[in-house]
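As structure tokens, the structure follows; a few thoughts come after it.
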Amino acid sequence: MKKHNFSAGPCVLPQEVLEKSAQAVINFDDGLSLIEISHRSKAFINVMEKATALALELLGLEGKGYKALFLQGGASTQFLATALNLLESRAAYLNTGTWSDKAIKEAKLYGDVIEVASSKEANFNYIPKGYKIPSDLDYFHCTSNNTIFGTQMKEFPTIDAPLVCDMSSDIFSRTLDFTKFDLIYAGAQKNMGPAGTTLVVVKEDVLGAVSRKIPSMMDYKVHIDKGSMFNTPPVFPIYTSMLTLEWLKNLGGIAAIEKENEKKATLMYSEIDLNPLFKGFAAKEDRSKMNATFTLENDNLKDTFETMLKEAGISAVNGHRSVGGYRASMYNALPLDSVKVLVEVMSELESKA
Ligand SMILES: Cc1ncc(COP(=O)(O)O)c(C=O)c1O
């Protein structure tokens, strides 16, 4: 039985993507496996070109001065790469969770970092609002979706400085004016593919403004010049990401998946709100459409609930250790039916209690 996979990442991918990528490992190009051919072969160059073009097209950023890169080192490497490439003297960060916190820590190695606001005092259960962003910044950094805490930014500031955003856990899930952003990065392992590559979308005109020497592997300009092939790229995660982006385009793009994501989130949160056994963790207005965090009010029901989840084929709804409780991650490839099954189990628990 196919499991209902609510994992926070790496996570569920479209079945057809899994099948095509598995097939490519056996036979991709004239009897050769995807992972045993040169990354400089025509067949793989086509993959890289298609993946980068699809990323820009889906975000509505083609022909607008942006480049898409598929890099290594995870989103965590982008915490320092963004600072190395953009931070000359002063940057501002919004602290909305563990990942922002880590990004701030790395940036502090390279310059002055101002934390404009933080929700740390409330264990990051809301998105700070009404904060002031100083002028004279090299950039402003935020995290669009807080995977661990289940909060999501609904609005982004309009500022003169470049806007940098870690979109690891909600990229390609909702329509936004992506031209607002000058640099977006996202690890592949939520809405794209397996871990091992990170999408970076950067507006070229924000680069080249720092005086430091940037190590080649950290230098966006080097990766742009080399078409993400300065060194051997992770071909399998990039190929799988290309297939997922193709799947998304065929579905109707971000606007189409956004409707599905809305349905899933509405169903999930209405159960959390209506069922007296459960309590949502995140402030209602800041709830994430990707990761719903909640607790079970009566600890005595924990074993029963978890047995019921298992019997229904529901996997990975355990919460992150810093929040506890449960977390249902509802990424693009998670079918609405999986959410229906989870909600049924939750309401059955109520009838048993
Ligand atoms: C929002 C966010 N940023 C950054 C990361 C770190 O990503 P990576 O493990 O690719 O370094 C994660 C991982 O879950 C994440 O959810």
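The values are calculated or read from the model by the stated rules, or taken from the named source; none is laboratory data. Since we're looking at a predicted model, the values are computed, not measured. Neighbour counts run over all protein chains shown; Cβ positions are idealised from the backbone, glycine included. To get the accessible areas, we keep the full protein, side chains included, count just its heavy atoms, and leave off ligands, DNA and RNA. Shrake-Rupley method; radii C 1.70, N 1.55, O 1.52, S 1.80 Å.
Below is a table of values for the structure above.
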item	result
Selection count where residues are on the phi < 0 side of the Ramachandran plot and part of a loop (DSSP other than H, G, I, E, B), scope the stretch 321-353	10
Total residues in the stretch 126-151, condition in contact with a helix residue (DSSP H, G or I) (Cβ under 8 Å, 6 or more places away or on another chain), in a loop (DSSP other than H, G, I, E, B) and more than 11 Å from the ligand (Cβ to nearest atom)	3
Hits in the stretch 157-180 - residues which are away from the ligand (no atom under 15 Å from the Cβ) and either closer than 19 Å to residue 64 by Cβ or touching a residue at least 60 places away in the same chain (Cβ under 8 Å) (or both)	158, 159, 160, 161, 162, 163, 175, 176, 177, 178, 179, 180
Residue that is most open to solvent (accessible area, probe 1.4 Å) [pool: residues in the stretch 165-205 that are more than 14 Å from residue 9 (Cβ to Cβ) and assigned to a loop (DSSP other than H, G, I, E, B)]	177
Matching residues, the stretch 321-353, being free of Cβ contacts under 8 Å to residues at least 60 places away in the same chain and open to solvent by less than 20 Å² (accessible area, probe 1.4 Å)	326, 345
Conditions (1) assigned to a helix (DSSP H, G or I); (2) open to solvent by less than 20 Å² (accessible area, probe 1.4 Å); number of the one not met by residue 229	(1)
Counted residues, the stretch 85-119 - those being away from the ligand (no atom under 16 Å from the Cβ) and part of a helix (DSSP H, G or I)	2
Single unsatisfied condition, residue 137 versus (1) in contact (Cβ under 8 Å) with a residue 60 or more places away in the chain; (2) more than 24 Å from residue 321 (Cβ to Cβ)	(1)
Qualifying residue in the stretch 77-84 (condition: within 18 Å of the chain's Cα centre (by Cα), in contact (Cβ under 8 Å) with a residue 12 or more places away in the chain and open to solvent by 10 Å² or more (accessible area, probe 1.4 Å))	yes
Qualifying residue in the stretch 110-125 (condition: touching a residue at least 40 places away in the same chain (Cβ under 8 Å), farther than 24 Å from residue 222 by Cα and open to solvent by 10 Å² or more (accessible area, probe 1.4 Å))	yes
Pairs, first over 13 Å from residue 58 (Cβ atoms) and touching a residue at least 60 places away in the same chain (Cβ under 8 Å) in the stretch 232-246, second open to solvent by 10 Å² or more (accessible area, probe 1.4 Å) and assigned to a helix (DSSP H, G or I), C-beta under 6 Å, six or more apart	236/35; 243/20
Residue within the stretch 62-73 that is within 13 Å of the ligand (Cβ to nearest atom), closer than 29 Å to residue 281 by Cα, at pLDDT 95 or above and among the aliphatic types (A, V, I, L, M) present	no
Of all residues making up the stretch 17-34, the number that are surrounded by 14 or more Cβ atoms within 10 Å (Cβ to Cβ) and either under 26 Å from the mean Cα position of the chain (by Cα) or among the hydrophobic types (A, V, I, L, M, F, W, C) (or both)	8
Which listed residue, of 14, 10, is within 15 Å of the ligand (Cβ to nearest atom) and surrounded by fewer than 22 Cβ atoms within 10 Å (Cβ to Cβ)	10
Test set (1) within 17 Å of residue 6 (Cα to Cα); (2) open to solvent by less than 50 Å² (accessible area, probe 1.4 Å) - residue 241 fails condition number	(1)
Residue within the stretch 245-262 that is assigned to a loop (DSSP other than H, G, I, E, B) and of a type outside the set (D, E, K, R) present	yes
Residues of the stretch 296-320 that turn out to be assigned to a helix (DSSP H, G or I), open to solvent by 40 Å² or more (accessible area, probe 1.4 Å) and either farther than 14 Å from residue 276 by Cα or modelled with pLDDT of 95 or more (or both), as a count	8
